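This report concerns only the one structure given below.
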Amino acid sequence: MFKLSIITAIHNGLPMNRLFWNSLKNNTETPFQLIVIDNHSTDGSEEFFRGVAQESLNSASQVVYIRNEFNQPYPASQIQGMSHAQNDILCFLNNDIWMPKGWELPFLEKLAENPWYILKIGRAHV
């Protein structure tokens with residue numbers, strides 16, 4: 001089965017970051033790599049995601065934490081995250097969404113049928 005690299009850019013928002021992480025780890029059924037690009041958070045998000053990354057070392061899913069010393073533009077964060085991706089399938093998720101159980105499975109099923117399948121803003125495009 002495919003594995004996912006999920007790229008998320010953050011700048012503060014510790015309560016939201018906790019909710020996002022709990023939703024992702026509890027509802028994603030496929031092993032994944034989460035790449036967190038932290039654009040100079042000052043609210044404890046750095047310590048939170050450093051701890052999550054450390055805990056993930058012995059897990060099927062991996063968390064990579066990257067801290068920037070300034071708040072860079074969102075597109076630059078996404079490109080930076082892509083350079084650390086270890087999997088073929090890239091997902092760009094904001095930290096203010098919460099996924100239902102097995103959220104990635106329909107997408108991966110369609111992708112297995114057609115590798116050119118793209119899911120964009122809730123709509124399927126081929």
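The values are calculated or read from the model by the stated rules, or taken from the named source; none is laboratory data. Because the structure is predicted, anything quoted here is derived from the model rather than measured. Methodologically, a virtual Cβ is constructed for each residue, glycine included, from the backbone with ideal geometry; neighbour enumeration extends over all protein chains shown. Quick note on the areas: whole protein, heavy atoms, side chains included, nothing else; ligands and nucleic acids left out. Shrake-Rupley method; radii C 1.70, N 1.55, O 1.52, S 1.80 Å.
Checking each residue of the range 28-36 against the condition of being open to solvent by 20 Å² or more (accessible area, probe 1.4 Å) and touching a strand residue (DSSP E or B) at 6+ places or on another chain (Cβ under 6 Å) gives no match.
If you scan the range 1-22, which residues turn out to be touching a residue at least 24 places away in the same chain (Cβ under 8 Å) and open to solvent by 10 Å² or more (accessible area, probe 1.4 Å)? Even if it seems obvious, please write down each step before you answer.
If we filter the range 1-22 for residues that are touching a residue at least 24 places away in the same chain (Cβ under 8 Å), which is where we start, we get 1-14, 16-21.
Within the range 1-22, Met1, Phe2, Lys3, Ala9, His11, Asn12, Gly13, Leu14, Met16, Arg18, Leu19, Trp21 qualify.
Output the strands (runs of 3 or more DSSP E) that fall wholly within the range 36-126 and possess 2 or more residues being farther than 16 Å from Leu4 by Cβ and at pLDDT 95 or above, or say none.
On the way: elements: 62-68, 89-92, 118-120, 123-125.
Once the strands (runs of 3 or more DSSP E) in the range 36-126 are filtered for at least 2 residues that are farther than 16 Å from Leu4 by Cβ and at pLDDT 95 or above, what remains is 62-68.
The condition of being closer than 18 Å to Trp98 by Cα, in contact (Cβ under 8 Å) with a residue 12 or more places away in the chain and surrounded by fewer than 16 Cβ atoms within 10 Å (Cβ to Cβ) does not hold for Glu69. Taken together, the residues in the range 37-51 that are touching a strand residue (DSSP E or B) at 6+ places or on another chain (Cβ under 6 Å), under 21 Å from Cys91 (Cβ atoms) and open to solvent by 10 Å² or more (accessible area, probe 1.4 Å) amount to 0.
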